[in-house]
Structures are given as structure tokens and as C-alpha cells.
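Asks: Attaching a single structure in C-alpha cells format; questions to follow.
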Amino acid sequence: MSFYTSLSGLQGAQTELATISHNLANSGTNGFKRSRVEFGDVIASTATKSPNQLIGSGSYVKSIRQQFSQGGLQQSQSSLDLAISGEGFFVVKPNPNTNEVAFTRNGSFSVSADRFVVDSQGAAVQVFPVDGSGTVVATDIEDTVSLRLPQTSGTPKATGNAKVSVNL
């Protein structure tokens, strides 16, 4: 029995070390939320003994929970870098041909060649659709659309003729 007790403690410690290693490896990742291991006691009980007189029979990992406490916000040079204050996630669509969506707190976005706002893996940021006045028309996750920036400067047109006047 004592061998099982010590072995369960070692397994729990191994899980905690792996979680700490994961936290350290990702500490520089934008939007990363650290994890914490929660442990529980294994107590063998009988109907004749008081719980105060029982000796623990080991430990186990109850859960590994992500910590969603607010981290520090940093100013960046990109106008598309966003941060969420408090709880919440950005919704992205990894594949435009499916209805599958993913959730991220990494707000480092850029613009694709097709003018879609995308994350570092190329997944398009999803937003609720709006009408011409800016009023949200649908609020279900299935109704989200990919955020596409408008063409504000018009369609590019190749120069057909140029005239240069130089004085030597």
C-alpha cells in the first residue's frame, strides 16, 4: 500500500512538472493562458473508522485548469494587434469551406492578399454581420462572417502613358 501511495505522488508531481514546463515554454506567446494542476487525496474509508483517524492512500490529479486572469497589456506597432480585457475569445475560421470555428486569445492579426483579417495560421477572424447602418443583424455563432477590409482606394489600374519633362 505504501508503494502505491508514493507512486501516486510521483505521478502527480510528474504531471505538475509537465504543466509547469508547458507554461514556461509558452510564456512569450501572445494570448497564452497558464495552466494549474489541482490535486485530490485518495482516502480509503470504512464504516467503522472515523474520517479523522484515516491515513491518506495517495493522491491523484483532479484536473488541469487554465487560468484566465488578466495579463498585462502591451502597446505594439501594428494597428491590427488586439487584446481582450477580461474574459472572452476571438472567433476564427481555419477553413472557409466548413462551418468549423476555433477560439483564440492571440490577437496578433494581419491582412491576407484577399483583404481578410487573419491570424498567424491564416484563419479568418469571424464577426457578426451588420446592415448598412452598422446594426448587428444576427448574433448566433453560425451566422458569423469573415472580416474583410473594404477596398477604399479603388481598383488598381496600370499606367498606360507617362510624359516626363526634364531640364538639363
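The values are calculated or read from the model by the stated rules, or taken from the named source; none is laboratory data. Keep in mind it's a predicted model, so treat the numbers as computed, not measured. Using ideal geometry, Cβ is built from the backbone for each residue, glycine included, and neighbour counts are taken over all protein chains shown. Side chains included, ligands, DNA and RNA excluded: accessible areas come from the protein's heavy atoms. Shrake-Rupley method; radii C 1.70, N 1.55, O 1.52, S 1.80 Å.
Asks: Once every DSSP H run of n ≥ 4 in the chain is given -39500 (n - 2.57) and the sum is divided by its residues, what mean residue ellipticity at 222 nm do you get, rounded to the nearest 500 deg cm²/dmol?
Replies: On the way: 1 runs with 24 residues, N = 168.
Estimated from H runs of four or more residues: -5000 deg cm²/dmol.
Asks: What do you get for the angle between helix 2-25 and the principal long axis of the chain? Use alpha-carbon atoms, 0 to 90 degrees, nearest ten.
Replies: 20 degrees
Asks: Add +1 for every Lys or Arg and -1 for every Asp or Glu among the other residues with Cβ under 14 Å from the Cβ of residue 22, and state the total.
Replies: Taking every other residue near residue 22 into account, the sum is +3.
Asks: Roughly speaking, what is the stretch gain from residue 99 to residue 23, that is 0.36 nm per residue apart minus the C-alpha to C-alpha distance, in nm to one decimal? Before the final figure, lay out each step's value.
Replies: Values: separation 76, 0.36 × 76 = 27.36 nm, distance 3.10 nm.
Working it through step by step, the gained length comes to 24.3 nm.
Asks: If R0 is 30 Å, what FRET efficiency do you get for residue 39 and residue 73 from their C-beta distance, rounded to 0.05?
Replies: On the way: r = 32 Å, r/R0 = 1.08.
The calculated FRET efficiency here is 0.40.
Asks: Right, something else. Just to be sure I understand the model, the point goes 7 Å from the Cα along the line to the Cβ. What's the resulting residue 130 to residue 16 distance in nm?
Replies: Output for this residue pair reads 4.9 nm.
Asks: Here's a follow-up. Please give the solvent-accessible surface of residue 60 in Å², to the nearest 10, using a probe radius of 1.4 Å with every protein chain present.
Replies: 110 Å²
Asks: Less than 16 Å apart at the alpha-carbon level, and either on another chain or at least 8 residues along: which aspartates and glutamates does that give for residue 93?
Replies: 114, 119, 140, 142, 143
Asks: Round to the nearest 0.05 the FRET efficiency obtained for residue 141 and residue 57 when R0 = 45 Å and r is the Cβ-Cβ distance.
Replies: 0.50
Asks: Still on this model: Order 113-122, 74-83 from most to least packed using the mean count of other Cβ atoms within 10 Å.
Replies: Values: 113-122: 14.0, 74-83: 10.8.
The peptides rank, most packed first, as 113-122, 74-83.
Asks: Then there's this: Go through segment 77-88 residue by residue and turn each phi into a ³J(HN,Hα) via Karplus (6.51, -1.76, 1.60, θ = phi - 60°); whole Hz please, and just put x for glycine and proline.
Replies: 8, 8, 6, 9, 7, 10, 9, 9, 8, x, 7, x
Asks: While we're looking at this one, here's another question. Taking the solvent-accessible surface of protein heavy atoms with a 1.4 Å probe, what is the per residue accessible area of the chain in Å²? Walk me through the numbers before you get to the answer.
Replies: Working: 12850 Å² over 168 residues.
Here the per-residue accessible area is 77 Å².
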